[in-house]
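Working notes, beginning with the structure itself.
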Amino acid sequence: MKGIQPAVANKGISALAASAHWPLKGRSGMRLRGIRHFLVAIVLCCSGTARAIESWELVHSQGVMHFVYISAPDWKNQDYYRLAIGTLCARKRICQVLFWHDRALTPTTIPMSDAQVEAKVAHWQYNANTGLRRLLWSCKIVSDPSQCF
């Protein structure tokens, strides 16, 4: 958005909207200011969603298993893993999602190579029939031995 100063960008929607060069004319200025805030909120919301979607990629699915690549800059941000899990496992009774941060090592078939197994950074397991609901992390992300492999 042209006219938005970088120093203002991290100060919230109000500061961002105030810095935008959208003229307000006439007696409807207050109404237009509200619309301006709304439009800026939409842009911020949608740009964040697009960034989140770009942060992970479904590379392959086989049965209940999904192999996901998490982009390099985001691979330690647990929110992107949870977003992928929520998207891929919605309304499924059994679901497994395995994650890699190296696109070249993300499997496209089973069985996986030893290098692919070693490069895995997270593993979600869900089974509504047995009550299993577990997210394990690489110890490079989480240092708790009860939550990492």
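The values are calculated or read from the model by the stated rules, or taken from the named source; none is laboratory data. Keep in mind that what you see is a predicted model, and the values were worked out from it rather than measured. Note that we place each Cβ from the backbone using ideal geometry, even for glycine, and neighbour counts take in every protein chain shown.
Here are a few things to note about the model shown:
- Flag if Asp79 is modelled with pLDDT under 95, crowded, with 16+ Cβ neighbours inside 10 Å and under 12 Å from Trp56 (Cβ atoms): no
- Cβ-Cβ under 8 Å pairs, at least 6 apart or on other chains, the stretch 56-70 side of a type in the set (Asp, Glu), far side part of a strand (DSSP E or B): Glu57/Val68; Glu57/Tyr69
- The sole residue among Ala104, Ala122 that is in the same structural domain as Ser61 (by TED's automatic domain parsing) and either of a type in the set (Lys, Arg) or without any contact (Cβ under 8 Å) to a residue 40 or more places away in the chain (or both) is Ala104.
- Looking only at the stretch 89-147, and only at residues there that are of a type in the set (Gly, Ala, Ser) and either in contact with a Lys or Arg (Cβ under 9 Å, 6 or more places away or on another chain) or assigned to a strand (DSSP E or B) (or both), the one that is surrounded by the most Cβ atoms within 10 Å (Cβ to Cβ): Ala122
- Test: Leu98 is more than 21 Å from Trp75 (Cβ to Cβ), without any contact (Cβ under 8 Å) to a residue 40 or more places away in the chain and touching a strand residue (DSSP E or B) at 6+ places or on another chain (Cβ under 7 Å): no
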